[in-house]
Ligand SMILES: [Fe+2]
Ligand SMILES: [Fe+2]
């Protein structure tokens, strides 16, 4: 059986077509892209051939990042400054492991190819993972805080980008994952706020400025054939450039709230003169 099955518009969907926002249940039909109006793809076999490799790769990359972040965090289980901080790290590690588990289960939907991907995910380490953010050891507590503040916020952006995915199991996984990433970002914000109040502004600024380009790089190149296909096919809401700009807008607001002198580049958000209005 091929991946693409014949299907027509779902006629029994009582819900109006529309977007599935964070925390909501995805409607049964695809709400965007070239498959809009069709029933959402419930299994890997239903996913169109053009989208399946992109989806498989996306799930593999995300699952690897989730599990390798556990390797980065785990040393702090016994070294975080307070018992509350140690408990918080234990909770975050549990959440990231659960995210890895959930994504590996989705990979399991992809037959032998998915099983091989799971093997690779489980073998990934801070030395082998390509994404720079997950290769850096978190030697200082301020780096843990900034990682949560900036890199987990990239995870949050990714959750938002996939929250209306045409692959239904992925869309369904997003609300809870998003809530948990939101909590991790909240922990990072709280820790950085404490550090700023304790007079460690220079450390906080230095760490944010060091990590921000790494975080921005996680969105990939401005234009990418696979990202365009992911948007056209209804997997993602936004292409790389738009997702990155939304992220930078959020970071700019967060840094302003934190009250530290970090300039966040959001220039692309201003349309060039003479452009469409
Ligand atoms: Fe996560
Ligand atoms: Fe997280």
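All of the numbers you see were taken from the coordinates with simple rules; none came from a lab. In this text the structure is predicted, and so the values were computed from the model without any measurement. All Cβ positions, glycine included, derive from the backbone under ideal geometry; neighbour counts span all protein chains shown.
Report the FRET efficiency, 1/(1 + (r/R0)^6), for residue 176 and residue 266, where r is their Cβ-Cβ distance and R0 is 35 Å, rounded to 0.05.
Computed FRET efficiency for residue 176 and residue 266 comes out at 0.75.
Please give the contour-minus-distance gain from residue 70 to residue 123: 0.36 nm per residue of separation, less the Cα-Cα distance, rounded to one decimal in nm.
Separation in residues times 0.36 nm, less the Cα-Cα distance, equals 17.8 nm.
On a full-extension model of 0.36 nm per residue, what is the gain between residue 183 and residue 198, subtracting their alpha-carbon distance, rounded to one decimal in nm?
Net length gain for the segment: 3.1 nm.
Modelling each spin label as a point 7 Å along the Cα-to-Cβ direction, I'd like the residue 256/residue 45 distance in nm, to one decimal.
5.2
Which value in nm describes the separation of the simple spin-label points at residue 232 and residue 113, placed 7 Å from the Cα toward the beta carbon?
Calculated label separation equals 1.9 nm.
Would you mind checking the tilt of helix 52-73 against the longest principal axis of the Cα atoms of the chain, expressed as 0 to 90 degrees and rounded to 10?
20
May I ask for the angle, rounded to the nearest 10°, between helix 152-162 and the longest principal axis of the chain, with both axes built from Cα atoms and the value confined to 0 to 90°?
10
So, R0 is 25 Å and r is the distance between the beta-carbons of residue 210 and residue 83; what FRET efficiency does that work out to, to 0.05? Present the calculation step by step, with values, prior to reporting the outcome.
Numbers: r = 29 Å, r/R0 = 1.15.
For residue 210 and residue 83, the calculated efficiency is 0.30.
Distance in nm between label sites at residue 91 and residue 190, each 7 Å beyond Cα in the beta-carbon direction?
So the label points at residue 91 and residue 190 sit 0.6 nm apart.
Choose one answer from 200, 182, 72: the residue with the largest mean-square fluctuation in a GNM of the chain with alpha-carbon springs under 10 Å.
So, out of 200, 182, 72, the one fluctuating most is 200.
Classify region 88-184: rounded, prolate or oblate, from the alpha-carbon gyration tensor (a ≥ b ≥ c, eigenvalue square roots; a/c under 1.5 rounded; otherwise prolate if a/b is larger than b/c)?
The shape class here is oblate.
What angle, in degrees between 0 and 90 and rounded to the nearest 10, separates the Cα long axis of helix 111-123 from the longest principal axis of the Cα atoms of the chain?
The answer is roughly 10 degrees.
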